[in-house]
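Below is one structure, written out as structure tokens; the observations come after it.
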Amino acid sequence: MATKNAEAHAAVAKKYEWGFATEVEQDFAPKGLSEDTVRYISAKKNEPQWMLDWRLKAFRLWQTMEAPDWAKLNVPPIDYQDAYYYAEPKAKKTIASLDELDPEIRRTYEKLGIPIAEQEVLAGVEGARRVAVDAVFDSVSVATTFRKELEAAGVIFRSISEAIREYPDLVRKWLGKVVPQHDNYFATLNCAVFSDGTFVYVPKGVRCPMELSTYFRINAENTGQFERTLIVADEGAYVSYLEGCTAPMRDENQLHAAVVELVAMDDAEIKYSTVQNWYPGDENGVGGIYNFVTKRALCQGRNSKVSWTQVETGSAITWKYPSCVLAGDGSVGEFYSVAVTNNRQQADTGTKMIHLGKNTKSTIVSKGISAGRSDNTYRGLVRVAPTAENVRNFTQCDSLLLSDQCGAHTVPYIEVKNPSAQIEHEATTSKISEDQLFYAMSRGLDAEAAVALIVNGFAREVLQQLPMEFAVEAQKLLGISLEGSVG
Amino acid sequence: MTDVLELPSTRHEAWRWADTGGIAAAAALAPVAPAKADFLDLPGARLLFVDGVLDDAASDLHRVRIGDLTPGDHPLGRRATHGWSLHLDAGAVADPVQVVHVATGGENHLAAQIVLAADTSAQLVETFVGAGWSNRQTRIRLGHAARLMRAVRMTQDAGFVSLRDDAELGEGASYVATVLGAGDQGARVDAAITLAGAGGYAEFGGALLTRDATKQECAVRVRHAAPNGQSHQLWRAVAADTSQASLAAAVEVARHAQKTDGEQSLRGLLLQRTATVNLKPELEIFADDVKCAHGATVGELDARALFYMASRGIPAPRAKALLTRAFVADALDRIADDTVRDAFAADADAWLERAL
């Protein structure tokens with residue numbers, strides 16, 4: 001197996017096919033980070049005074065904080081003054097219809113396969129569900145589709161900058177309620193300089209008529225992307241939200257520090273799926289995105305449910321723990337994750353399930369796949385408060401090692417203060433079984449296809465949770481990320 | 001005078017559940033009369049330390065030597081610079097070594113060193129009684145195919161017991177350690193075990209039983225540095241009242257330590273709503289041809305088993321005691337010597353009598 005793995009490394013050469021850069025004229029904020037930068041961003045966004053005050057408070061707080069170092073990550077020092085915090089494509093200030101979008105940007109999304117025209121996603125598939133898209137290009141949202149139809153259903157789907165202007169009360173009520181300003185270093189930075197992102201509000205009893213999605217693209221050099229997403233599902237509402245991201249291939253490291261907040265009221269359900277495919281750097285670990293993201297859901301209502309599904313294949317360094325605060329009685333949190341690391345990538349990812357309400361349930365299924373010289377860590381916390389009766393948690397984290405130079409780590413924390421809780425945790429670490437490989441190859445598959453088949457089988461429990469459109473993409477992505485890593 | 005503030009803060013991952021306040025309080029305990037030293041009916045060396053000082057009259061050293069030892073750099077272990085040592089030459093088989101540590105308030109520190117040459121075998125039984133902060137550093141070096149069986153019971157009435165172990169196993173060596181926390185003291189069992197030679201075997205486990213407001217924890221890291229090693233960490237925690245029992249066990253597999261078999265089983269049982277059990281079964285794996293699995297569960301006694309026992313006429317407290325005893329017994333079964341195992345089981349039973 002060792003020799004096969006060696007061949008495998010030699011063959012890890014598949015190009016990152018989303019790595020092109022788009023030539024558009026852009027407006028940048030002055031380089032560096034200061035209160036002026038924060039004011040600049042706020043002014044650019046035409047924000048009300050309360051929003052600026054909120055940002056400044058966060059910025060002053062951030063200056064007193066230190067970057068966390070507890071993760072099993074080797075993060076080179078980041079020079080926060082050597083980056084642009086705002087980049088926006090120069091375009092007409094207001095576009096009346098999608099046809100007026102800068103053709104370069106439109107082509108970018110077409111190339112990425114993102115439907116920003118209002119078309120059916122899977123062309124030719126009858127009855128295929130449609131997806132409304134918010135396309136974020138560097139620091140601004142360039143298009144949101146299907147607005148009218150969503151509005152008819154009562155669903156608000158806006159870029160967050162628009163929402164701050166159009167629905168200030170709603171935004172003000174929830175912004176920073178799930179992830180407070182002082183939460184952690186990167187979240188606080190985001191509070192100060194977030195540029196755009198998505199706001200979704202699904203009113204009482206409404207089942208959102210289509211999948212909502214945001215597509216994040218970092219294009220400009222030397223910029224950080226700080227997006228902010230806020231989704232509120234009111235009583236009995238349902239929404240499924242997809243998130244995708246890519247970036248050009250560059251030799252420098254770029255910072256992506258996002259904050260995602262979800263709120264689910266009584267009987268509401270939010271399904272949040274991510275396919276994270278930021279540029280991972282080259283095979284020697286040069287370049288790539290630092291993906292330092294804070295995602296948290298508040299299951300505030302009775303019997304509310306939040307389900308996180310993530311497929312993490314990109315980024316040079318991933319630091320990300322989508323979490324659920326299960327405050328409402330009977331609320332349910334789910335976390336399904338596939339994290340693939342190859343070459344020099346590092347991922348420290350997992351979840352937190354904080355059980356506060358009675359009869360709350362959580363399920364964690366994490367599949368880590370490491371190849372090349374990468375490090376892949378699952379880090380998770382399951383906490384049961386004294387008041388939380390009859391909590392159930394099931395955690396399974398499996399790791400698959402595809403080379404003898406990579407690392408797979410599991411760091412689960414379990415903190416229980418109520419005896420009626422039933423907490424189960426299982427984990428395994430293994431390599432691909434020779435028997436399985438041999439069998440698949442005896443049926444006529446070549447080594448690579450056999451590995452892809454086995455890896456997809458390994459990750460199946462998670463991929464099943466993705467909406468169909470994403471599942472197909474994610475499976476392809478898994479294959480590509482690992483291509484050549486086992487031979 | 002000890003500056004407890006020198007200990008890492010609980011913001012440090014390896015000290016997250018540590019009760020540094022408990023250590024400070026234990027070190028400040030007022031003097032108490034020495035408790036009775038209770039040796040088991042075993043042949044071999046008997047060492048009685050009162051506040052870390054050997055009681056010559058009550059001790060029988062055999063092969064054991066007393067003297068200064070090099071302190072390590074561990075925040076707890078480095079405080080112990082003097083203690084006992086056991087060196088066995090190749091092929092020797094020593095009689096068991098029994099050590100009773102009596103604390104009479106305040107703090108005491110004692111080091112120990114066990115060096116076993118090739119093909120030797122030794123057995124060590126340690127008992128902690130009294131009140132105060134007892135801090136121990138034990139350095140263990142096992143040569144080719146050397147075997148060490150060790151059992152430690154912490155049964156102080158008050159205070160804190162901190163153990164820092166630093167063990168290195170040579171090729172084919174075996175180290176089996178069982179720790180029982182069945183007193184009313186706080187505890188930290190801090191161990192680093194390295195399987196430096198191929199085919200080493202390490203077992204480090206036990207049971208932590210906590211009640212009132214005590215906090216006990218284990219922080220054990222087994223490092224596989226050579227191929228074909230095997231390690232098992234089996235821990236049970238039972239927490240009553242407002243106590244906290246924490247189990248943090250880590251397995252680390254180095255790049256070339258192929259064919260490692262690492263296993264962790266951490267289980268917690270909460271007896272009251274106010275108690276806390278923390279678990280952290282950690283795996284850190286850098287080799288691809290290994291088998292590492294861990295299981296962790298927390299809960300209360302099985303309601304169906306309790307119902308069944310009630311239906312057979314067993315009173316509820318008795319049924320609870322039986323089931324809890326069975327839960328704890330898993331961890332104590334690995335003690336090979338009948339006398340030692342029975343004594344440990346009796347301590348656990350006595351604790352259950354008090355707690356239930």
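Some observations on this one:
- Look at where the Cα atoms of the stretch B:173-217 and of the stretch A:415-467 average out, and the two centres are 33 Å apart.
- Note on A:Lys31 and A:Glu66: with the Förster distance fixed at 22 Å, the Cβ-Cβ geometry gives a FRET efficiency of about 0.45.
- For chain A, a/c is less than 1.5, where a ≥ b ≥ c are the root eigenvalues of the C-alpha gyration tensor. That puts it in the rounded class.
- Reach of A:Lys204 by Cα under 19 Å, taken over lysines that are not fewer than 8 positions away in the same chain: A:Lys148, A:Lys173, A:Lys271, A:Lys305
- Rg and Dmax [Cα atoms of the stretch B:4-301; Å; Rg one decimal, Dmax integer]: 18.5, 56
- Shape of the stretch A:233-329 from the C-alpha gyration tensor: prolate (a/c of 1.5 or more and a/b above b/c, with a ≥ b ≥ c the square roots of its eigenvalues).
- 14 Å cut-off, amide nitrogen to a point 7 angstrom out along B:Ala310 Cα→Cβ, residues in the stretch B:260-296: none
- Per-pair calculated FRET efficiency, R0 = 56 Å: B:Ala198 and A:Tyr167 via Cβ, rounded to 0.05: 0.25
- Among the listed pairs A:Lys361/A:Lys476; A:Lys367/B:Lys215; A:Lys45/A:Lys177; A:Lys72/B:Lys259; A:Lys177/A:Lys358, a Cα-Cα separation exceeding 30 Å is found for A:Lys361/A:Lys476; A:Lys367/B:Lys215.
- Per residue of peptide A:369-382, the mean number of Cβ atoms on other chains within 10 Å of the residue Cβ is 1.
- Inter-chain shielding of A:403-410 (mean C-beta neighbours from other protein chains, 10 Å cut-off): 6
- Summed over qualifying helices (DSSP H, 4 residues or more, each -39500 (n - 2.57)) and divided by its residue number, chain A shows a 222 nm mean residue ellipticity of -7000 deg cm²/dmol.
- Nearest-20 debye value, the protein assembly as shown charge dipole, Cβ charges on Lys, Arg, Asp, Glu: 1340
- This ranking places B:His232, B:His294 by how few other beta-carbon atoms lie within 10 Å of each, fewest first, which gives B:His232, B:His294.
- Straight-line cross-link partners of A:Lys57 among the aspartates and glutamates, defined as a Cα under 14 Å from its Cα and at least 8 positions apart when in the same chain: A:Glu35, A:Asp36, A:Asp183.
- Inter-probe distance in nm under a simple model that places probes 7 Å from Cα toward Cβ, at B:Ala33 and A:Leu52: 7.8
- Summed over all non-identical Cα pairs, the Kirkwood treatment of the protein assembly as shown gives a radius of 29.0 Å.
- Averaged over the residues of B:250-259, the number of partner chain Cβ atoms lying within 10 Å of the residue Cβ comes to 2.
- Estimated distance in nm for a label pair at B:Ala14 and A:Leu453, the labels positioned 7 Å out from Cα along Cα-to-Cβ: 4.6
- The value for the stretch A:344-487 of Rg(Cα) / (2.2 N^0.38 Å) is 1.21.
- 18 Å reach of a label modelled at A:Thr363, 7 Å along Cα-to-Cβ, counting backbone N of the stretch A:379-395: A:382, A:391-395
- Cα gyration tensor, the stretch A:423-469 - rounded (a/c under 1.5), prolate or oblate: oblate
- Taking the helices alone, chain B has a mean residue ellipticity at 222 nm of -4500 deg cm²/dmol, built from -39,500 (n - 2.57) per DSSP H run of at least 4 residues and averaged over all its residues.
- Ascending count of other beta-carbon atoms within 10 Å, so fewest first, for A:Glu211, A:Glu149, A:Glu66: A:Glu66, A:Glu149, A:Glu211
All of the numbers you see were taken from the coordinates with simple rules; none came from a lab. The structure presented is a predicted model; accordingly, all values stated were derived computationally and were not measured. Cβ atoms come from the backbone with ideal geometry, glycine included; neighbour counts cover every protein chain shown.
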